[in-house]
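Participant: Dumping the structure here so I can ask a few things about it.
Just so it is clear, none of the values below were taken in a lab; they were calculated from the coordinates. This one's a predicted model, so the numbers in the text were calculated from it and none came from an experiment. No Cβ is skipped: glycine too gets one built from the backbone with ideal geometry, and neighbour counts run over all protein chains shown.
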Amino acid sequence: MKFISRKYKKISIALSLALLLPLIWSLTACSTTPESDDAFGSTLSKETLAMFRKSPNFRDENFINIAGEKSKPSTNFLGAFYRYFTTKNPAPQPEKPLPFVALNNQSFIDAPKDSYRVTWLGHSAILIEIDGLKILTDPMFGERASPFSWIGPKRFQQPPINIADIPELDAIIISHDHYDHLDMESIKLLNDRTLHFFTPLGVGSHLKQWGVNPSKITELDWWGEAEVANGVIVAATPAQHFSGRGVFDRNKTQWASWAIIGQKERLFFSGDTGFHREFDEIGKRYGPFDLAMLENGAYDKSWSQVHMMPEETIAASKMLNAKRIIPIHWGTFDLALHPWYEPAQKTYSLSRAHGVTAVQPKMGEFVLSTPTGPVAQWWNDQRERVEETNTFPKAALATKLE
Ligand SMILES: [Zn+2]
Ligand SMILES: [Zn+2]
């Protein structure tokens, strides 16, 4: 029995390494020479590890999740692995490119005076303008969320702005080191136009490896705060996820969500996260939020620990005390099993059913603090009708939305 359980554990660990995101590259990294070792990022120095050991969120040489739980993408690795590779996504991507608002190097010249302005650039990349500052989250402009140019999730939707046209930035905020959030080429191209980078613990080591001056990087543990400029504060807040860019660096760097606190307005950026009880504490400490940009995409009931189901996104918005939400982490890469449009459609119907104001802009469309009109269901133009999947168990939903 012992042998069997040890063997099972080994298989589970091996499979968990290859599971979900990063998925393909975890498998291929064993047998393939990457085009650039750099893309995998850096390894941590002894000094850095010694610093991490002082964090309450670092245990047994790994970053951990809320309540000290070890992070794992799924409680049932084998089941999730099997499901991922045997289930066919009925609509992995739109048949035509999605409608978007094209932006160029003139688009951000005049910042609004009395309002934040938030522009979704696809997936989790968002240009936030607040109190005269420009802050970009998780810049991912690459073709593939992968260290390789020939394999790994390929974007099906181009960004609404060329990376060369991104304006001078006061800051870039990174949520974690997965390839769909931290893209080496994008960082290298934006470095000269960016005054400062804010990351969770350890993620700055990748940036340094790619040529970012260490003096431009601030790494924050959960609940750590720093001023960007003009009194605008960014705070790293908890998230329930995992990290790693290769086979052997699982959970060696931290993951976080972020509160962006302006002089009058408060914004929240979820990064990648499963549903967790600390949303409540984030809402208490930094809310109410004028706008929360919440992940809603790449979810599945088999790995709902690390990506929120749509019902959970709505529940989280209530705990955060968010006046309005924008669903992000969808419409760009096919990373799960749900139809590409399902996150938008579920946000649309669930937000109405539960009294949450969801703003659902096209990529490139400006969102200001002023009230917006009815949401145009623009994603439906490109939608083929298929059976909806991933229904969250009703009992669990009732508890979360109480
Ligand atoms: Zn992730
Ligand atoms: Zn992601």
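Participant: Collect residues whose amide H, placed 1.01 Å from N in the peptide plane, falls under 5 Å from the amide H of residue 328; neighbours closer than 5 in sequence don't count.
Facilitator: Correct list: 294, 295, 296.
Participant: List the aspartates and glutamates whose Cα sits under 14 Å from the Cα of residue 362, skipping any in the same chain fewer than 8 residues away.
Facilitator: Partners within reach: 381.
Participant: Sticking with this structure for a sec: Where does each of 205, 349 land when they are ranked from fewest to most other beta-carbon atoms within 10 angstrom?
Facilitator: Going from least to most buried by this count: 349, 205.
Participant: Determine the alpha carbon to alpha carbon distance for each of 318/346; 134/154; 113/318; 113/134 and list only those over 21 Å.
Facilitator: Pairs exceeding the cut-off: 134/154; 113/318.
Participant: Which far-off residues, 5 or more places away or on another chain, put their amide H under 5 Å from the one on residue 217, with H placed in the peptide plane?
Facilitator: 197
Participant: Which shape class, rounded, prolate or oblate, goes with segment 81-179 when its Cα gyration tensor gives a ≥ b ≥ c as root eigenvalues, a/c under 1.5 marks rounded, and past that a/b bigger than b/c marks prolate? Display every interim value, and only then the final one.
Facilitator: Values: a/c = 2.34, a/b = 1.95, b/c = 1.20.
Here segment 81-179 falls in the prolate category.
Participant: Considering amide H positions built from the backbone, and no H for Pro or chain starts, which residues 5 or more places from residue 291, or on another chain, come under 5 Å of its amide H?
Facilitator: 266, 268, 323, 324
Participant: Which value does Rg/Rh take for segment 117-400 over its C-alpha atoms, Rh per Kirkwood?
Facilitator: Using only Cα positions, Rg/Rh for segment 117-400 is 0.93.
Participant: How high is the relative contact order of segment 117-400? Use alpha-carbon pairs under 8 Å, at least six apart in sequence, and give a whole percent.
Facilitator: 17 percent
Participant: Next question, about the same structure. For a quick check: sort 87, 199, 370, 48 by the number of other beta carbons within 10 angstrom, fewest at the front.
Facilitator: 370, 87, 48, 199
Participant: Mind checking which aspartates and glutamates have their Cα closer than 17 Å to the Cα of residue 216? Skip sequence neighbours fewer than 8 apart in that chain.
Facilitator: Cross-link targets: 138, 168, 170, 192, 225, 227.
Participant: At most 14 other Cβ atoms within 10 Å and a DSSP loop assignment: could you name the trypsin sites (Lys or Arg not before Pro) in segment 245-295 that fit?
Facilitator: 264, 277
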